[in-house]
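A.B. asks: Please find one structure pasted underneath; my questions will follow.
The values are calculated or read from the model by the stated rules, or taken from the named source; none is laboratory data. Model, not experiment: these values are computed from the prediction. Note: ideal-geometry Cβ built from the backbone for every residue, glycine included; neighbour counts use all protein chains shown.
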Amino acid sequence: MEATIERFVRDAHAAGCPRDQIERFLRAGVVLQPKQLLASATARQMDISGGPVELGYGGARGGGKSHWMLAQMAVDDCQRYAGLKCLLLRKVGKSVKEAFEDLRPRLLGRVAHEWVPTRNTLIFPNSSRILLGNFRDEGDIDKYLGLEYDVIGVEEATTLSWRKYQAIQSVNRTSKPGWRPRIYTTTNPGGVGHAWYKNRFVKPARTQIEAETRFIQATVDDNSFVNPEYKGKLDQLTGWLLRAWRYGDWDIAAGQFFTTFRNDVHVREPFKIPSAWRVWCAMDYGFVHYTVVHLLAQDDDGNLYHVDEHAARRWQVAQHVEAIKAMLARWDVTLERLWTFVAGADVFARKDDGPTIAEKYKKLGIRLKTANTDRINGWAEMLARLGDVEAKIEPRWFIFNTCERLIETLPMLEHDPNRPEDVLKVDVDDDGIGGDDAADCARYGVMAAWRPKMSSAQVDWYGRPQTAGRGPQPARSDDEIERILSEYGE
């Protein structure tokens, strides 16, 4: 036991925990593990003006999320500041009550407190208190939002919509001098809130550009106290469950369409595009929705690269044109060099006596061509080009990290339950989160790529079984088509 305590103190110092925090955990008999200690040290950074106000911890099953959350709120926060009013929101599930009744004596056995089950409240001698707010659906949370709370803890945060999380943020206020309000969240990948949580917590942590949030990733490997049988069950999972629950992979989600997309495989650092490579653009037009434009390139081996991205909404055509030209200029690409510039059918639709969207672009120097909008074959082509790391099928499609919206979108897309070979359509919300516009644009761009002509081979260029003589045909530029036709005369 003495060795365990010494290791705990050493790990706590290494994580950056202050002395009084370490002492509180020791006196309470709470021995946290390195990742939990890092989260608690980060929680103390929230005391500092300009420090974070929201902290995410976890990201996989078995990482000790519930254990850490209660320890931080009850053993550290509520003990060091009198009169704190805290809300701990917990998702109602199987044995959730028993889980809390198991946690409470293990974590608070040496901490003076009163548990009032009729009020679902923990009360401490210094008048700090924690209201336990159980919820089955996010609508159940509304009954807890009539008051303000100095500290809010949210378990299973990705089961909540962004709107509901915003409502929770709105009641995280304090009038207590010397205390900064804060929100702690724990969760796993997947769920209705996967996109906003990844965007708010995970992405800033990955890029090390964190302002008001911090995220501490933890998996079952970071929990030496976990039941070996439980770890064994996680190891036996397959598919998206293995990646999400076992390894905390935020590039995966339940029902995910692009299950073979890997951030570490397909996302690349930008490099200069050789002048001999074929380059082209694709557009998915929107106004309330995003207008997304991608610059693509293809190397001599047929590999595709999504090079750059423009995405904006509620812009006029002239604004988009300037942004597109600026994007091309970043890569020393001119409009004249583009092999083609494809767009969805809506830009060619004439809705009144005025010019079409395509005509407006043409007037400003961008000539749009009708994209191949076949959804089923388009998604299939994208899947084929992604390859499959687990099946040892090499990828032939890569995305530069400049295409942020596309990288965020692909892992979020799910199968349409009524048409499994199609992607479920999803609209961007009022805050610009979500939506499938970047994926639609990517589909147009991928389908515009040049493909080698097939003969009677039974397997096509991408390793997909084909009926004899029915391989994919090459896409042709406008100039190539005109040249071919001219050979046959009028």
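A.B. asks: Within the stretch 138-162, restricting attention to residues that are over 22 Å from the mean Cα position of the chain (by Cα) and free of Cβ contacts under 8 Å to residues at least 60 places away in the same chain, which residue is farthest from Gly190 (Cα to Cα)?
C.D. replies: The first filter runs over the stretch 138-162 and keeps only residues over 22 Å from the mean Cα position of the chain (by Cα), leaving 139-152.
Within this subset, residues satisfying the condition of being free of Cβ contacts under 8 Å to residues at least 60 places away in the same chain are 139-146.
Numbers: Gly139: 19, Asp140: 21, Ile141: 20, Asp142: 23, Lys143: 25, Tyr144: 25, Leu145: 25, Gly146: 29 Å.
Residue satisfying both the conditions and the ranking: Gly146.
A.B. asks: It is to be established whether one or more residues within the stretch 136-148 are among the β-branched types (Val, Ile, Thr), surrounded by fewer than 14 Cβ atoms within 10 Å (Cβ to Cβ) and more than 19 Å from Gln72 (Cα to Cα). Walk me through it before giving the result.
C.D. replies: Step one: list which residues in the stretch 136-148 are among the β-branched types (Val, Ile, Thr), which gives 141.
If we keep only those that are surrounded by fewer than 14 Cβ atoms within 10 Å (Cβ to Cβ) too, we end up with none.
No.
A.B. asks: Looking at the stretch 211-232, which of its residues are assigned to a loop (DSSP other than H, G, I, E, B) and either on the phi > 0 side of the Ramachandran plot or of a type outside the set (S, T, N, Q) (or both)? First the steps, then the outcome.
C.D. replies: First pass over the stretch 211-232, keeping only residues assigned to a loop (DSSP other than H, G, I, E, B): 211-212, 218-219, 223-227.
Selection gives Ala211, Glu212, Ala218, Phe225, Val226.
A.B. asks: Could you list, in sequence order, the residues of the stretch 224-248 that are in contact with a helix residue (DSSP H, G or I) (Cβ under 8 Å, 6 or more places away or on another chain) and touching a residue at least 12 places away in the same chain (Cβ under 8 Å)?
C.D. replies: Those that are in contact with a helix residue (DSSP H, G or I) (Cβ under 8 Å, 6 or more places away or on another chain) and touching a residue at least 12 places away in the same chain (Cβ under 8 Å): Val226, Tyr230, Lys231, Leu234, Trp245, Arg246.
A.B. asks: Another question, if that's okay. Looking at the stretch 258-287, which of the residues that are polar (S, T, N, Q) and part of a loop (DSSP other than H, G, I, E, B) is modelled with the lowest pLDDT? Break it down into steps so the answer makes sense when it comes.
C.D. replies: Start the filter on the stretch 258-287 by keeping residues that are polar (S, T, N, Q), which leaves 259-260, 263, 275.
Still in the running and part of a loop (DSSP other than H, G, I, E, B): 259-260, 275.
Values: Thr259: 85, Thr260: 89, Ser275: 95.
Filtering first and then ranking leaves Thr259.
A.B. asks: Can you tell which of Asn303, Asn263 is surrounded by 15 or more Cβ atoms within 10 Å (Cβ to Cβ), over 20 Å from the mean Cα position of the chain (by Cα) and closer than 18 Å to Ile399 by Cβ?
C.D. replies: None of the others qualify; the one that does is Asn303.
A.B. asks: Filter the stretch 156-176 for residues that are within 25 Å of Asp47 (Cβ to Cβ) and surrounded by 21 or more Cβ atoms within 10 Å (Cβ to Cβ) and give the result.
C.D. replies: Answer for the stretch 156-176, where residues must be within 25 Å of Asp47 (Cβ to Cβ) and surrounded by 21 or more Cβ atoms within 10 Å (Cβ to Cβ): Ala157, Tyr165, Ile168.
A.B. asks: Suppose the filter is in contact with a Pro (Cβ under 9 Å, 6 or more places away or on another chain), modelled with pLDDT under 90 and over 23 Å from Ala439 (Cβ atoms); does Gly255 pass it? Step through it out loud before you land on a result.
C.D. replies: Working: in contact with a Pro (Cβ under 9 Å, 6 or more places away or on another chain): yes; modelled with pLDDT under 90: yes; over 23 Å from Ala439 (Cβ atoms): no.
For Gly255, the condition - in contact with a Pro (Cβ under 9 Å, 6 or more places away or on another chain), modelled with pLDDT under 90 and over 23 Å from Ala439 (Cβ atoms) - is not met.
A.B. asks: Scan the stretch 363-389 for residues that are outside any helix (DSSP H, G or I) and touching a residue at least 40 places away in the same chain (Cβ under 8 Å) and report the count.
C.D. replies: Restricting attention to the stretch 363-389, the residues satisfying the condition of being outside any helix (DSSP H, G or I) are 364-374, 387-389.
Subset that is touching a residue at least 40 places away in the same chain (Cβ under 8 Å): 364-366, 368-369, 371-374, 387-389.
Number of matching residues: 12.
A.B. asks: Still on this structure: Before we move on, is Ala82 assigned by TED's automatic domain parsing to the domain that holds Val151, in contact (Cβ under 8 Å) with a residue 40 or more places away in the chain and not in a loop (DSSP other than H, G, I, E, B)?
C.D. replies: Working: assigned by TED's automatic domain parsing to the domain that holds Val151: yes; in contact (Cβ under 8 Å) with a residue 40 or more places away in the chain: yes; not in a loop (DSSP other than H, G, I, E, B): no.
Considered against the rule, which asks whether it is assigned by TED's automatic domain parsing to the domain that holds Val151, in contact (Cβ under 8 Å) with a residue 40 or more places away in the chain and not in a loop (DSSP other than H, G, I, E, B), Ala82 comes out as no.
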